[in-house]
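The values are calculated or read from the model by the stated rules, or taken from the named source; none is laboratory data. On a predicted model such as this, the values are computed, not experimentally measured, just so you know. Don't worry about glycine lacking a Cβ; one is built from the backbone with ideal geometry, like all the others, and counts go over all protein chains shown. Quick note on the areas: whole protein, heavy atoms, side chains included, nothing else; ligands and nucleic acids left out. Shrake-Rupley method; radii C 1.70, N 1.55, O 1.52, S 1.80 Å.
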Amino acid sequence: MTYKTLLYEKADGIAKVTLNRPEALNALNSTVYTELYDVFEAIENDADARVVVLTGSGEKAFAAGSDVVEMQHMNTLEIQQFVAVIRKASDRIYSLTKPTIAAINGYALGGGCELSMCCDLRICSEKARFGQPEINLGLIPGACGTQRLARIIGMAKAKELIYLGDMIKADEALRLGLVNKVVPPESLMDEAMEWAKKLASKSSPVLAMAKMAIQTGIDTDIASGLNIEARCVALCFATEDQKEGMKAFLEKREAKFKNR
Ligand code: CO8
């Protein structure tokens, strides 16, 4: 698969998607969002891609935001259309049935921070910087920031980041729970791939059940969430992998999952 603004590679069940506009700090324009939708749709339908790592090219940025050059002269109708394109890509990524890891190699600002929040896990370099600086441009986040940031780090801190528009460093992002792990810049990709390999060794359908239970449950009340969990765990028992997992445990050996 070839794209204008993305790099794509796949090996050993791990798909790697790289935002590739380093000259603009990987700013996200409509072509990037459209291609992100396309690549994640292809990944969803590719049984050989079981885990995804999303990162940015260059030394400086994961993505420094949605593309201000493209947005600056848009009218209300055009911005609505742009937001629809962003929403389509974000929803595709968030609802992927496979685990996703954002490997954040630098700035993750505005739409870049929002894009990372569509992934399941976020691992970042010590050099990474996060923020929702839209307020400084006279707007508010429009690519899921007002919703997902508050769900991830809580309302008070989300309001602080969105109202003040300041950047935070990697260690603060870790303290807030915005990222799962901070690592030295030179080991970012190795660490992200280590997690990806570990995830690729689990059962894909069972991971998909975990993801569905968590994501569907978080947006509902606890009783409905527990009902969803009950159905998802029951569905695990329809897989060969559950049989293999328990059998391997009792035979004191490592399970060999077949993703079915
Ligand atoms: N859009 C377009 N181009 C960008 C962006 C961006 N978001 N960020 C950086 N660039 C470009 C710069 O213009 C520059 O291009 P050129 O070389 O042609 O001048 C190049 O990337 C390098 O950037 P800098 O020279 O600024 O690099 P510095 O190291 O000096 O600074 C910063 C790095 C601090 C990251 C700085 O570039 C910056 O502040 N960038 C903008 C950050 C920002 O405000 N992001 C939020 C954008 S708005 C957004 O994401 C809204 C999402 C929701 C939209 C929904 C519809 C409303």
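FRET efficiency for the pair Glu172 and Leu226, taken as 1/(1 + (r/R0)^6) with r the Cβ-Cβ distance and R0 = 30 Å, rounds to 0.35. In this simple spin-label approximation, Glu160 and Asp38 carry label points 7 Å from Cα along the Cα→Cβ vector, and these lie 4.2 nm apart. In this structure the chain gives 52 Å² per residue of accessible area when probed at 1.4 Å with all protein chains present.
How many angstrom lie between the C-alpha centres of segment 241-260 and segment 1-33? If you average the Cα positions of each part, the centres end up 36 Å apart. Build a GNM of the chain with springs between Cα atoms under 10 Å apart, and of Leu139, Leu199, Leu36 the one that fluctuates most is Leu139. Each label point was placed 7 Å from the Cα along the Cα-to-Cβ direction; for Ala11 and Leu250 their separation is 3.9 nm.
Pairs over the 25 Å Cα-Cα cut-off, from the set Lys197/Lys252; Lys4/Lys157; Lys10/Lys88; Lys4/Lys211; Lys16/Lys60; Lys98/Lys181: Lys4/Lys157; Lys4/Lys211. The simple Förster model, with R0 at 41 Å and r as the Cβ-Cβ distance, assigns Glu186 and Asn136 a FRET efficiency of 0.85.
Round to a whole number: what % of the accessible area of segment 6-200 belongs to carbon and sulfur, probe 1.4 Å? Please list the in-between numbers first.
Values: 4670 of 8750 Å².
The value for segment 6-200 is 53 percent carbon and sulfur by accessible area.
Given a Förster distance of 22 angstrom, what is the FRET efficiency for Thr97 paired with Thr2, based on the Cβ-Cβ distance and rounded to 0.05? Rounded to the nearest 0.05, the efficiency is 0.35. By DSSP, the beta bridges lying fully in segment 6-200 are antiparallel in about 25 percent of cases.
Among all helices in the chain defined by DSSP H, which have a length of 20 Å or more along the axis from Cα atoms plus a Kyte-Doolittle mean of at least 0.0? Present the calculation step by step, with values, prior to reporting the outcome.
Numbers: long enough: 30-44 (21 Å, 0.17); 76-94 (26 Å, 0.13); 204-218 (21 Å, 1.02); 222-236 (21 Å, 1.23).
Going by DSSP H runs, the hits are 30-44, 76-94, 204-218, 222-236.
Rg/Rh, computed from the Cα trace of the chain with Rh as the Kirkwood radius, has the value 0.98.
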